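The values are calculated or read from the model by the stated rules, or taken from the named source; none is laboratory data. Because the structure is a prediction, the values reported are computed rather than measured. Heads up, the Cβs are rebuilt from the backbone with ideal geometry, glycines too, and the neighbour counts pull from every protein chain shown.
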Amino acid sequence: MSISDPISDMICSIKNAQAVSKESTATPASKVKKGILAVLQQEGYIRSYEMIEKEGHPFIKINIKYYRNQPVIEMIKRVSKPGLRQYRGKDDLPRVDAGFGTAIVSTSKGIMTDKAARVAQVGGEVLCVIK
């Protein structure tokens, strides 16, 4: 079975793991997912991620981060979807919760936060927002 939106599937997997207080979850691997997870780890939203192999297929194991038994990620939402891509210029990048949240943007210079994209003076596809 093919998945029409693998990034949304990964986000759903993280939400579901947090809902039942699991330590980790796994999702099929891709370069875009690794880029998103690298940003999430860099910003302190997840503990870590690692490449694993299940039944001969590459997967990414995501280790969820908790603080005082509450998940660090309060909200994670997919913005750009396969049916309606959301592209923003360098001046129109979203500010999540007045700068307290993070938007993950796919730019020509790689996947980065909205703050890093503003510094690099590039726009791109807004993949998701986190707070």
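General observations
- Within the range 14-39, the set of residues being in a helix (DSSP H, G or I), farther than 9 Å from I62 by Cβ, of a type in the set (A, V, I, L, M) and more than 12 Å from the chain's Cα centre (by Cα) comprises just one member, A19.
- Count of residues meeting criterion [more than 10 Å from I62 (Cβ to Cβ) and in contact (Cβ under 8 Å) with a residue 40 or more places away in the chain] in the range 2-13: 5
- Residue within the range 50-64 that is assigned by TED's automatic domain parsing to the domain that holds Q18 and assigned to a loop (DSSP other than H, G, I, E, B) present: yes
- Meets criteria (loosely packed, with under 14 Cβ neighbours inside 10 Å and not small (G, A, S)) for R47: no
- Number of the condition not met by Y87 [criteria: (1) within 16 Å of the chain's Cα centre (by Cα); (2) hydroxyl-bearing (S, T, Y); (3) surrounded by fewer than 17 Cβ atoms within 10 Å (Cβ to Cβ)]: (1)
- For the range 96-122, a residue qualifies if it is in contact with a helix residue (DSSP H, G or I) (Cβ under 7 Å, 6 or more places away or on another chain) and either in the same structural domain as N16 (by TED's automatic domain parsing) or of a type outside the set (S, T, N, Q) (or both), and the qualifying residues are A103, I104, V105, K109, G110, I111, M112.
- Subset tally (residues that are surrounded by 21 or more Cβ atoms within 10 Å (Cβ to Cβ), among the hydrophobic types (A, V, I, L, M, F, W, C) and over 13 Å from I7 (Cβ atoms)) for the range 106-129: 2
- Subset of the range 50-76 (residues that are surrounded by 14 or more Cβ atoms within 10 Å (Cβ to Cβ) and charged (D, E, K, R)): K61, K65
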